[in-house]
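Engineer: Dropping a structure here in C-alpha cells format, bear with me for questions.
The values are calculated or read from the model by the stated rules, or taken from the named source; none is laboratory data. Owing to the predicted nature of the structure, the values given are computational and were not obtained by experimental measurement. Backbone-built Cβ (ideal geometry, glycine too); neighbour counts: all protein chains shown.
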Amino acid sequence: MEVNFKDLPSLAGKEIGVSDWLLIDQDRVNMFADATGDHQWIHVDVERAKATPFLGGTIAHGYLTLSLIPYLAGGLLKVNGVTHGINYGSDKVRFITMVHVGKRVRVRQKLLAAEPKSGGFQLRSEITIELEGSDKPACIAETLSLVFGA
C-alpha cells in the first residue's frame with residue numbers, strides 16, 4: 001500500500017497488508033540465542049526437544065518472533081514524504097502459540113491510529129504474526145512508531 005505522509009490518518013482502522021511467509025529455521029534460532037544469551041534447551045537442543053512429547057522439536061524464542069515485525073512489516077506500507085521514523089514501543093504483546101522450527105510465519109498489519117505527535121504522526125498498529133497451518137496466531141502486538149515528514 002502507498003500513501004502520502006499527510007494522508008496517514010485516513011488509513012486508521014484499515015488493514016495495511018500481509019507480508020510474505022518467512023521460514024523459521026534452526027540457524028536463525030541459534031543466532032538469536034547467541035545474540036541474546038538465551039540458550040534454553042527448548043530453543044537450541046534439537047535432540048532433547050524432539051524427545052519431549054509436549055514440544056516435539058525446538059521452538060523459536062517468543063522475542064525472536066516479536067523481533068521479526070520490522071523485517072516482515074517493512075514493505076507493507078510505503079509513505080511518500082517521510083524523512084525518518086523510529087520505533088516508539090509496543091503495547092499488549094501476547095505470545096499465543098509456539099513457533100516450531102521448520103514452520104513459516106507472516107505479519108498481518110492493521111493501522112489502528114495515526115495521531116499528530118512531535119511534528120509527525122504516532123502510528124499505532126495491530127500486528128498479528130500468523131503461523132502457517134495454525135488457527136491461532138503466534139503473536140499479537142500493538143506497536144507504536146513515530147514518522148516525520150518534510
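Engineer: Examine the stretch 33-45 for a residue that is part of a helix (DSSP H, G or I), among the hydroxyl-bearing types (Ser, Thr, Tyr), closer than 23 Å to residue 125 by Cβ and over 16 Å from the mean Cα position of the chain (by Cα), and state whether such a residue exists. Spell out how you get there, then give the answer.
Structural biologist: Step one: filter the stretch 33-45 for residues part of a helix (DSSP H, G or I), giving 33-36, 41-44.
Applying the additional criterion that residues be among the hydroxyl-bearing types (Ser, Thr, Tyr) yields 36.
Filter once more, keeping what is closer than 23 Å to residue 125 by Cβ: none.
No - not one qualifying residue is present in the stretch 33-45.
Engineer: Further, regarding this structure: Consider residue 128 carefully, then state whether it is under 16 Å from residue 69 (Cα atoms), in contact with a Phe, Trp or Tyr (Cβ under 9 Å, 6 or more places away or on another chain) and in a strand (DSSP E or B).
Structural biologist: When the stated conditions are applied, residue 128 does not pass them.
Engineer: Inspect all residues belonging to the stretch 102-114 and state whether any of them is surrounded by 13 or more Cβ atoms within 10 Å (Cβ to Cβ), at pLDDT 95 or above and over 26 Å from residue 136 (Cα atoms).
Structural biologist: Looking for residues that are surrounded by 13 or more Cβ atoms within 10 Å (Cβ to Cβ), at pLDDT 95 or above and over 26 Å from residue 136 (Cα atoms), one finds at least one in the stretch 102-114, hence yes.
Engineer: If you don't mind, there's one more thing I want to ask. So which residues in the stretch 46-65 are part of a helix (DSSP H, G or I) and crowded, with 19+ Cβ neighbours inside 10 Å?
Structural biologist: Residues satisfying the conditions are 49, 64, 65.
Engineer: Please find, among 2, 15, the residue that is out of contact with any Cys (no Cβ under 6 Å at 6 or more places or on another chain), surrounded by fewer than 16 Cβ atoms within 10 Å (Cβ to Cβ) and under 20 Å from residue 138 (Cα atoms).
Structural biologist: Answer to the selection: 15.
Engineer: Now, a different point. Within the stretch 57-85, take every residue that is under 11 Å from the mean Cα position of the chain (by Cα) and aliphatic (A, V, I, L, M) and give me the one that is nearest to residue 4 (Cα to Cα).
Structural biologist: Taking the stretch 57-85 first, the residues under 11 Å from the mean Cα position of the chain (by Cα) are 62-74.
So of that shortlist, the ones also aliphatic (A, V, I, L, M) come out as 64, 66, 68-69, 72-73.
Working: 64: 32, 66: 28, 68: 26, 69: 22, 72: 21, 73: 18 Å.
Filtering the stretch 57-85 for residues that are under 11 Å from the mean Cα position of the chain (by Cα) and aliphatic (A, V, I, L, M), the one nearest to residue 4 (Cα to Cα) comes out as 73.
Engineer: Sticking with this one: Could you please find all residues in the stretch 5-23 being touching a Lys or Arg at 6+ places or on another chain (Cβ under 8 Å) and charged (D, E, K, R)?
Structural biologist: 14, 15, 20
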